[in-house]
Each structure stands twice: as C-alpha cells, then as structure tokens.
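Have a look at the structure below, then the notes.
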Amino acid sequence: MTKVFTRWLGRLSVGRKLTLIYLLDLTAVIYVSSILIHEKFQSIDFTRKEIVGTTYSVAVRDVLMLPFLAPNSDAKAAYAPLQRLGALREEHDPALKTAEASHTFVESLKRVPPANIASVSGGVNRQNALRGMVREARELLTTVGNQSNLILDPDLDSYYAMSLVVLRFPELLEVLNDTVRILPASSPAGAVVADRRTELLILAGRLDAVALGIRSDYAQAFAAGTLVQRTALEPGRKLLEDRLGEFLAAVQQLADGNVNAKSLEQLRTHYAGSLEALTQAWELTATDLDRLLRERVDLLFTRMWLHLGTALLLLSCILSLVYAVARQISRPLKNLAGVADTVRQTGDHTRRMVWHSRDEIGQLVTAFNDMLAQLDQQRLVQQEAAARERAAQAQQALVEAIPIALVMTSVPDHEVLHANAPAQEWLAGRSLDPWATGLEPAVRSRFFQHLSDRGAVDEFEVRWLGGAEPSWAVLSARRLQFQGRDAVLTAFTPINVLKVMERRLE
C-alpha cells in the first residue's frame, strides 16, 4: 500500500504536491483551531459560572444582613431579598448542588426572632439564632464558591476579590456577632464581662486575625489589579479598617476590665458602625468582582477571534514557503530528533545539537540547546531542594529526639511551627500564639523584650497558664532559622512549686 501511494505521489507535479501539502496542513489547522475555540468557550463558560456564583453570593449577603441592619424589619421588608434568593435557588441550585445548604440557611433566618423582644431570654435566643444563621450562610457561600468555580479563579485580582466576598467578610460577620453575643444586656452585669476576660481576648485575637486577612487580600488584589479596581475598592477598605480598629479597641478595653454602661454602649455603637462598613465594603467588592468577570468574558471572545484570525494569516504565510524550506528543514530536524532521542535514552542533558544558521531552524536549535541547559540546571535545583528538605526533616527529628519540651514558633506572628511530644501538654492543642494564653501580659512583654535585646533567654521563671492546669516552669529561648523562616526555639522545664516558694522567701 505504501509503495502504491509513493508511486502515485511521485507522478504528481510540484504544484499538486504543494496543493496536497496545503490541504493537509489546512485540515490540521482547522482541527487545532476547533480545539482552541472549544477551549476558549470552556474558559467563557467557566467565567460565566463564576458570574452566577457572584450573583448568588450577593443575594445570600442581602438576606444575611437583614437581621443585622434592620433587626426589627417585618416580613414585607424581607420579601424582596428573599424573592431574589428564591429565584436564584430555583434556577441554579441543581447545578451548584446547593439545594440543601440554601434551604437550611433560609430556615435558619426564619428562626431569628425580632430584636424588639424585651425579655432577656428573647435577646439570648436571638443572638444564638443569629449565630446559627451566620454559620449556615458561611457554609452556603463556601459551597457556592466551590461549585461556581470562584475558588478556582485563575486571575489574582478577581481571586482575592472572591476571597473577600465568599470567605473573609462572612467570617468577619461571624466574629463580630460572637463578640457582641457574650456581652451582658446592661451595665449591672459588668462583672460577667470581667469573668469572660479570656473569651474576650480570644475574640479580639480572632477579630485581629480576620482583619489582617482582609487587609492582606485587599493588598494582593491592588497589587495584581488595575487602578480602576483600587479606585472602586479603596473607600470600602478604608472605612472598614477604621471601624474595625475602633471596635477592636472597645473590645480590648472591656477585656482590660473597664466595664460600665458607657463602655458597653460605645462597643455597641462601634459594632453598628462596623456592620455598616462591612456591608459597604462587601457590596463594593462584589460589584467590582462582577465587573471583572464580565470584562473577562468580553476579553475572551475578543482573544478567540483574534487568535483565529492570526492563525489563518500565519497559515497562509507558512504554506507559501512550504516548498522553499522543505529541504532546509528535513536534515537539521532529523539530527535534532537524534539528539533528543539520545537524551531520552541516556538522560545526558549535556548533549547539544550543532547547527549554524540564522533562520528559524537555527533559532530552534538554540532554543533546544537552551532547554537542555535549563533542564540540567533544574536537575541541580531539584537536588538542592531535596537536600534542604532532608535538612528540614533532620531538624524536626532532632527536636523530637530531645526529651525536654521544645516549641518552635515563628517570628513575628508566633505560629507554632513544630512542637515535640513533651511540649504538647504545655500547648494544650494551641497552634497560634501560645504566649497569649500561656503568660500574663506583663511577663510575656518582659520575656520577649529580653529575647529582642539579647537574642536569647536563659532560665526565665514563669507561671505557665496555657496547659491543662497552671504550672511553674523555666523557659529558655533562642532565635534561629527553621525551614527558612525566622523562629524562636523555646524549652520548657517544669519546676517544683515549693522550690519557687523557697526562692521567693530567701
């Protein structure tokens, strides 16, 4: 069959051979172009699904904020947001797989009593119902983000805007509500707030962490986005940052024991201001996210037609030169294939293709040789990375092998990077800033001041509060590098309470 085809091909004129090559190339280009167009449409459908997720999340936000911004609203006030959400549920729940989560969220909203209930039990029931509703809303928004491709967004500007809309803002709302939920209804119960000082400090830490995450997402979105996005989001970001700072300061004031009717009223005022700022920032960010996604769809359509036209233009240019360059291509490509096959069989990336020309073949050979050099360099980099990984594992093994309690925390956020087995009972499961709960503020300040001044702390006697029970211990710390990060290695040595008393009596 091959001989017959070869004889038939040999009888064709050069023009017909070129026509045959042209038709074969055209067929391949049409096939490849159809694949590219299909991929573009996949990207367009991907982004359109993100737009659906953004629209759905906005509807969830509008319903979610009703009990917070209009606590005494009746069913008529809630009708329009619920109607929008209901229409979106009916249209998109099957595709997004959110039917159960959205139903649970709507039912949790119905369980929230109005804020004008005068009894204390009514206020407690409302706060508990709000807490459950916010959790259901976060679960629904997370599901929407996952199923609508928002979580998989490939562009950083829209990704961080998505992170704010779907993750950060709902989390902030939950922390704000949890903070207000533990407060007494009136100032005579201020002693209750004093008894909950630890809980307030924990909530202040959560609030600070959420605010830091929001600030980081804004910064990354501004860095990756355009001036248009910065202009759209900056007012909401600035207002939210200011209001959260005021609210956090009020929470910390209560945690410090300054509990009175005025401080409670100030905190609730800052809480209302934070809710308004959150609503504005949420709305601005969601609007800008929708704008980014719609502009991306338009851009994808433009690029698709541009690429298709460019491909057709290049095809006509290339095919006009097929016959002239055919003989110039075969020999160097054959040699290039031989070198590639040798590299494949031997794994020797030091082999190079020798070909001297200034045309595309010469550029291809140069690029191929550069690729081999890069592969060789990557092999060396991978070997170095493996060596660093082994060193990091050796560091952890060394820490685990030491019988005394050792805790490795990062600088400056005090995240627990590693803790050996004896140290677990000192941490009591805490993985972020164990010093906040383990040491009294004054002791903590002196400990880190010594560490900052000298770079090391030896035999620092403390009363550790972070374990299951308070205990006395001697802390010794050193600053070092752990897995490429600045860290503090702290050793915990328990000491006898009687010895502590003897030392103090002496």
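The values are calculated or read from the model by the stated rules, or taken from the named source; none is laboratory data. Since the structure is predicted, the reported quantities are computational estimates derived from the model, not experimental observations. Note: ideal-geometry Cβ built from the backbone for every residue, glycine included; neighbour counts use all protein chains shown. SASA here: full protein model, heavy atoms, side chains in, ligands and nucleic acids out. Shrake-Rupley method; radii C 1.70, N 1.55, O 1.52, S 1.80 Å.
What number of residues within segment 56-67 satisfy the criterion of being in contact with a Ser or Thr (Cβ under 9 Å, 6 or more places away or on another chain) and assigned to a helix (DSSP H, G or I)? Give the steps one after another, and end with the answer.
Within segment 56-67, the first condition is being in contact with a Ser or Thr (Cβ under 9 Å, 6 or more places away or on another chain), and the residues that meet it are 56-58, 60-61, 65-67.
So of that shortlist, the ones also assigned to a helix (DSSP H, G or I) come out as 56-58, 60-61, 66-67.
Looking only at that region, the number is 7.
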*Return the pairs, sorted by first residue and then second, in which the second residue is open to solvent by 70 Å² or more (accessible area, probe 1.4 Å) and not charged (D, E, K, R), the first residue lies in segment 25-39 and is in contact (Cβ under 8 Å) with a residue 40 or more places away in the chain, the beta carbons are less than 7 Å apart, and the residues are 6+ apart or on different chains.*
LEU36/HIS307
*Identify the residue in segment 44-103 that is open to solvent by 30 Å² or more (accessible area, probe 1.4 Å) and of a type in the set (Phe, Trp, Tyr) and, among all such residues, is modelled with the lowest pLDDT.*
TYR79
*When you look at GLU276, is it assigned to a helix (DSSP H, G or I) and out of contact with any helix residue (DSSP H, G or I) (no Cβ under 8 Å at 6 or more places or on another chain), yes or no?*
no
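Answer with yes or no whether GLU265 is modelled with pLDDT under 90, acidic (Asp, Glu), open to solvent by 60 Å² or more (accessible area, probe 1.4 Å) and in a helix (DSSP H, G or I). Can you show your working first?
Details: modelled with pLDDT under 90: yes; acidic (Asp, Glu): yes; open to solvent by 60 Å² or more (accessible area, probe 1.4 Å): yes; in a helix (DSSP H, G or I): yes.
Against the criterion (modelled with pLDDT under 90, acidic (Asp, Glu), open to solvent by 60 Å² or more (accessible area, probe 1.4 Å) and in a helix (DSSP H, G or I)), GLU265 qualifies.
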*Tell me which residues, restricted to segment 199-232, are out of contact with any helix residue (DSSP H, G or I) (no Cβ under 6 Å at 6 or more places or on another chain) and closer than 21 Å to GLY245 by Cα.*
GLU199, ILE202, GLY205, ASP208, ALA209, LEU212, ARG215, SER216, ALA219
_Any residue in segment 276-301 that is more than 17 Å from ASP45 (Cβ to Cβ) sitting within a Cβ distance under 8 Å of a residue that is at pLDDT 90 or above and of a type in the set (Asp, Glu)? List the pairs, counting only those 6 or more apart or interchain._
ALA277/ASP242
_Residue list for segment 444-482, filter: in contact (Cβ under 8 Å) with a residue 24 or more places away in the chain, under 18 Å from HIS414 (Cβ atoms) and open to solvent by 90 Å² or more (accessible area, probe 1.4 Å)_ = ARG479
